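Here is the structure we will look at, set down as structure tokens.
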């Protein structure tokens, strides 16, 4: 899969999007099952969160379920967020690799 061009950064490429894998027993979008579900788009930013087209339901390691009904959900990748697994922009205070 080739990276998509990032319109905000000339000469740079955005990370490729992930393709949604159907859940066993799922037949399509919604309850009708008439058409296949559209893939969920996930964009990995260079020094920030993963941006997921919402709404999404997140299941944490301890089994807690977080419902995020926004059209775009920022998932923390640095694990510094006070609202982990959701991003609170804590990554802006200290970049990855800084010590």
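Odds and ends about this structure:
- Among the residues making up segment 41-74, a single one is within 17 Å of residue 93 (Cα to Cα) and part of a strand (DSSP E or B): 74.
- Hits in segment 46-65 (condition: closer than 18 Å to residue 82 by Cβ and loosely packed, with under 11 Cβ neighbours inside 10 Å): 60, 61, 62, 64
- A search for C-beta distances below 9 Å between a residue of segment 80-99 that is at positive phi and at pLDDT 85 or above and any residue that is surrounded by 14 or more Cβ atoms within 10 Å (Cβ to Cβ) and in a loop (DSSP other than H, G, I, E, B), counting only pairs 6+ apart in sequence or on different chains, returns 89/48; 89/49; 89/81.
The values are calculated or read from the model by the stated rules, or taken from the named source; none is laboratory data. On a predicted model such as this, the values are computed, not experimentally measured, just so you know. When we count neighbours, we look across all protein chains shown, and the Cβ atoms used for this are built from the backbone with ideal geometry, even at glycine.
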